[in-house]
Amino acid sequence: MKQGNQKERVGEVISSKMNKTIVVEVPTPLPACPVQENRSLPYKKFYAHDEKNEAKPGDRVRIG
């Protein structure tokens, strides 16, 4: 069974304390503020499955 198109995201592992689950922080850039002329870079957290518990905090991973 084929699923629909899934987005792939690249982020950094911030936690791997749960069994077979990691927390990945993915940056979501927003347009620059015209008044302050800077870019804010908020992050969004995603929970991802890690079957072998290989990922450690600080690793860059691709989730989909």
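Test GLU8 against the criterion of being of a type outside the set (S, T, N, Q), more than 14 Å from the chain's Cα centre (by Cα) and modelled with pLDDT under 95, and give yes or no. Answer is no for this residue.
Residues in the range 19-55 that are part of a loop (DSSP other than H, G, I, E, B), surrounded by 10 or more Cβ atoms within 10 Å (Cβ to Cβ) and either modelled with pLDDT of 75 or more or not aliphatic (A, V, I, L, M) (or both): LYS20, THR28, CYS33, ARG39, SER40, ASP50, ASN53, GLU54, ALA55.
The values are calculated or read from the model by the stated rules, or taken from the named source; none is laboratory data. In this text the structure is predicted, and so the values were computed from the model without any measurement. Quick reminder, even Gly has a Cβ in these numbers, built from the backbone with ideal geometry, and neighbours come from all protein chains shown.
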